[in-house]
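Asks: The structure that follows is given in the form of structure tokens.
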Amino acid sequence: MSYKLDADDARCQVMQAQAVLSLWLNTMTNSDGNLPDMIGAVITLLEGVPEVMEALFLEHSDLQIAAMRGRKS
């Protein structure tokens, strides 16, 4: 499976992964050993990633617009 993933799709997939991991974490029990800690660690690693991706996407868009305006002059 090969397809091009754009920035907004990637941001959405990270958010979906966060939601799935949170759901899994909420279904864990004491008998699950280290699993809740491991899932929590991944959730922590993903914290803030969608927001940074959004900011970079907007910054990139602004730079593209500025470059296009500069070419029209």
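Asks: List pairs: first in the stretch 39-57 and touching a residue at least 12 places away in the same chain (Cβ under 8 Å) and surrounded by 13 or more Cβ atoms within 10 Å (Cβ to Cβ), second aromatic (Phe, Trp, Tyr) and part of a helix (DSSP H, G or I), Cβ under 9 Å, 6+ apart or cross-chain?
Replies: So the pair list comes out as ILE39/TRP24.
Asks: On to the next question. From (1) within 28 Å of ASP6 (Cβ to Cβ); (2) surrounded by 13 or more Cβ atoms within 10 Å (Cβ to Cβ); (3) not aromatic (Phe, Trp, Tyr), pick out the condition that doesn't hold for ASP32.
Replies: (1)
Asks: Anything in the stretch 28-46 that is among the β-branched types (Val, Ile, Thr) and modelled with pLDDT under 95? List them, or say none. Before the answer, list the steps.
Replies: To start, the set of residues in the stretch 28-46 that are among the β-branched types (Val, Ile, Thr) comprises 29, 39, 42-44.
THR29 - this is the single residue of the stretch 28-46 that is among the β-branched types (Val, Ile, Thr) and modelled with pLDDT under 95.
Asks: Does the stretch 1-47 hold any residues that are closer than 21 Å to GLU59 by Cβ, of a type outside the set (Gly, Ala, Ser) and part of a helix (DSSP H, G or I), and which are they?
Replies: Those that are closer than 21 Å to GLU59 by Cβ, of a type outside the set (Gly, Ala, Ser) and part of a helix (DSSP H, G or I): ASP8, ASP9, ARG11, CYS12, GLN13, VAL14, MET15, LEU46.
Asks: Please tell me if GLY70 is part of a helix (DSSP H, G or I) and over 28 Å from ASP6 (Cβ atoms).
Replies: no
The values are calculated or read from the model by the stated rules, or taken from the named source; none is laboratory data. From a predicted model like this one, the values you see are computed outputs, not experimental measurements. Cβ: placed from backbone, ideal geometry, glycine included. Neighbour counts: every protein chain shown.
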